[in-house]
Amino acid sequence: MRKLMAILVALMLIAAACGDDDDSGSTDISDDPLAMALADSVVEEDSPFATQEDANCFASEVVGEIGTDRLNELGVTEDNIGEIEDIDFTEGEIDIIVDAMSDCVDLTAALAAEFEADFGAEGAECLAEGLGDDLLTDLMKSSFTGEEEELPDEFFQQFLDLAAECDLPLN
């Protein structure tokens, strides 16, 4: 059961790793100091962004879709982007951020990397693929809204079935 809790914590860490009026869709980050600051702020040691290219992709989509003016209106600037918490994003803006994360990061690989120390590469990959991107997307959205719901009992049974299928030690 301790491993199950560690896995759930890993899921939440990945979901929380992304927390942050142009309507053009994406932007060249070299032309936008806010996009450059966002890209730099998400590339950290324990970040799901494996490369600067992943971070640039994410920043380009977020700033391009939400817009510098709207982000500034919400209090996000290039000077404070790494310190921002509790921003009142709309549901549509949250969808943009989560979609950008999903578009720019291999969520399955990021999740597998979190599990590798506990289950080895093969077990971690099996588990991450079995859980899928939909669960991560839902967790990310709920972490932004602050409405982190309890996982349903069906999830725990699905997880246990998946752990057995992947031959994972849960002691």
Problem set entry | Asp69 being acidic (Asp, Glu), in contact with an Asp or Glu (Cβ under 6 Å, 6 or more places away or on another chain) and surrounded by fewer than 21 Cβ atoms within 10 Å (Cβ to Cβ) | yes
Seminar exercise, completed: Checked segment 33-57 for anything open to solvent by 80 Å² or more (accessible area, probe 1.4 Å), within 19 Å of Leu136 (Cα to Cα) and among the acidic types (Asp, Glu); matches are Asp46
Problem set entry | Within segment 82-117, considering residues that are of a type in the set (Val, Ile, Thr) and at pLDDT below 85, the one nearest to Gly67 (Cα to Cα) | Ile87
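How many residues does segment 78-114 contain that are closer than 20 Å to Thr137 by Cβ and either of a type in the set (A, V, I, L, M) or surrounded by 15 or more Cβ atoms within 10 Å (Cβ to Cβ) (or both)? Before the answer, list the steps.
First, the residues of segment 78-114 that are closer than 20 Å to Thr137 by Cβ: 87, 89-114.
In the following step, the residues that additionally are either of a type in the set (A, V, I, L, M) or surrounded by 15 or more Cβ atoms within 10 Å (Cβ to Cβ) (or both) were identified as 87, 89, 93-102, 104-114.
The qualifying residues number 23.
Take the residues of segment 92-147 that are assigned to a helix (DSSP H, G or I) and out of contact with any helix residue (DSSP H, G or I) (no Cβ under 8 Å at 6 or more places or on another chain): which is nearest to Glu165 (Cα to Cα)? Steps first, please.
Taking segment 92-147 first, the residues assigned to a helix (DSSP H, G or I) are 92-104, 107-145.
Next, from what is left, pick out any that are out of contact with any helix residue (DSSP H, G or I) (no Cβ under 8 Å at 6 or more places or on another chain): 92, 117, 120, 122, 134, 138.
On the way: Gly92: 37, Ala117: 19, Gly120: 15, Glu122: 12, Asp134: 20, Asp138: 23 Å.
By that ranking, first place goes to Glu122.
If you go through segment 148-171, how many residues are surrounded by 10 or more Cβ atoms within 10 Å (Cβ to Cβ) and either at pLDDT 85 or above or not in a loop (DSSP other than H, G, I, E, B) (or both)?
Final tally of qualifying residues: 14.
If you check Asp133 against the conditions, is it touching a Ser or Thr at 6+ places or on another chain (Cβ under 8 Å) and open to solvent by less than 70 Å² (accessible area, probe 1.4 Å)?
Numbers: touching a Ser or Thr at 6+ places or on another chain (Cβ under 8 Å): yes; open to solvent by less than 70 Å² (accessible area, probe 1.4 Å): yes.
In short, yes.
In the list Gly75, Gly120, which residue meets the criterion of being closer than 30 Å to Leu170 by Cα and either surrounded by 21 or more Cβ atoms within 10 Å (Cβ to Cβ) or modelled with pLDDT of 85 or more (or both)?
On the way: Gly75 fails: closer than 30 Å to Leu170 by Cα.
Only one candidate qualifies: Gly120.
Residues that are closer than 27 Å to Ala109 by Cα and out of contact with any Leu (no Cβ under 7 Å at 6 or more places or on another chain), at least 3 per element: which helices (runs of 4 or more DSSP H) completely within segment 27-87 meet that?
Numbers: elements: 33-42, 52-66, 68-73.
Passing ranges, in order: 33-42, 52-66.
The values are calculated or read from the model by the stated rules, or taken from the named source; none is laboratory data. Being a predicted model, the structure only gives us computed values, none of them experimental. When we count neighbours, we look across all protein chains shown, and the Cβ atoms used for this are built from the backbone with ideal geometry, even at glycine. SASA here: full protein model, heavy atoms, side chains in, ligands and nucleic acids out. Shrake-Rupley method; radii C 1.70, N 1.55, O 1.52, S 1.80 Å.
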